[in-house]
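First the structure, in the form of structure tokens, and then the observations on it.
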Amino acid sequence: MGAMLQLKDLPDALILGKFADRYGAVDVDAVLQFLSILRIGTDLSEALDGFLARRGLLQGRWWVLILLMREDDLTSTPSELAEKSGVSRATMTRLIDGLARDGLVKRLGDRSDRRKYSIRLTAAGQARLDEVMPEYYPRVKRMMKVLSAAQREQLLQNLLLLKERSKVFQ
């Protein structure tokens, strides 16, 4: 996925009315709600990015460390990491390069095939997660606490319905 423009200035009903005049059949409320959901998702991601950046991580790199920590032997292949994180292999290679340069992961060569290698979480990578995660979980809890458990579940179910319907763009 390439760079994505994130609309900061959402249109209002008057602006969308201009589009409706030109293109017809515009459900102004539905468009405003859709754009607001996209904006909120971006805002949440940016907030997480800011939190991680202040701790010397980027979100993509953080997810790689988490994926490695989930493995019993703290090791995975670049292709498995790319698949689990939903990024291209080229993007994963760049993430791994940065993490390896900072000593947070280590490349392990394959004895039978020099072209293959695995990635292992290092002690420094684990230490970085150990610094971040104890601050991350309480923040998530504090943010999510504005909704009751039932409201969170309903929100999740509604978002999953929208995700399923996102196929209309394919």
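Can you report the number of residues in the stretch 26-74 which are within 18 Å of Ser85 (Cα to Cα) and β-branched (Val, Ile, Thr)?
Here the count works out to 3.
For the stretch 79-107, give me each residue that is closer than 21 Å to Ala123 by Cβ, part of a helix (DSSP H, G or I) and not charged (D, E, K, R).
Passing the criteria: Leu81, Leu95, Ile96, Gly98, Leu99, Ala100.
When you check Ala150 against the structure, is it assigned to a helix (DSSP H, G or I), surrounded by 13 or more Cβ atoms within 10 Å (Cβ to Cβ) and among the small types (Gly, Ala, Ser), yes or no?
Values: assigned to a helix (DSSP H, G or I): yes; surrounded by 13 or more Cβ atoms within 10 Å (Cβ to Cβ): no; among the small types (Gly, Ala, Ser): yes.
So Ala150 fails the test.
Taking the stretch 101-131, which residues are closer than 14 Å to Thr77 by Cβ and touching a residue at least 12 places away in the same chain (Cβ under 8 Å)?
Correct list: Val105, Lys106, Arg107, Leu108, Lys116, Tyr117, Ser118, Ile119, Arg120, Leu121.
Between Leu48, Leu67, which is under 13 Å from the mean Cα position of the chain (by Cα), at pLDDT 90 or above and over 17 Å from Gln126 (Cα atoms)?
Of the residues listed, the single one that is under 13 Å from the mean Cα position of the chain (by Cα), at pLDDT 90 or above and over 17 Å from Gln126 (Cα atoms) is Leu48.
So is Ala47 assigned to a helix (DSSP H, G or I) and either loosely packed, with under 15 Cβ neighbours inside 10 Å or assigned by TED's automatic domain parsing to the domain that holds Met143 (or both) or not? Can you show your working first?
On the way: assigned to a helix (DSSP H, G or I): yes; either loosely packed, with under 15 Cβ neighbours inside 10 Å or assigned by TED's automatic domain parsing to the domain that holds Met143 (or both): yes.
It is true that Ala47 is assigned to a helix (DSSP H, G or I) and either loosely packed, with under 15 Cβ neighbours inside 10 Å or assigned by TED's automatic domain parsing to the domain that holds Met143 (or both).
Looking only at the stretch 72-86, which residues are surrounded by 13 or more Cβ atoms within 10 Å (Cβ to Cβ) and touching a residue at least 40 places away in the same chain (Cβ under 8 Å)?
Leu74, Thr75, Ser76, Thr77, Pro78
Assigned to a helix (DSSP H, G or I) and in the same structural domain as Ser79 (by TED's automatic domain parsing): which single residue out of Arg115, Arg142, Arg111 fits that description?
None of the others qualify; the one that does is Arg142.
The values are calculated or read from the model by the stated rules, or taken from the named source; none is laboratory data. Just so it is clear, the model here is predicted, and its values are computed rather than measured. Heads up, the Cβs are rebuilt from the backbone with ideal geometry, glycines too, and the neighbour counts pull from every protein chain shown.
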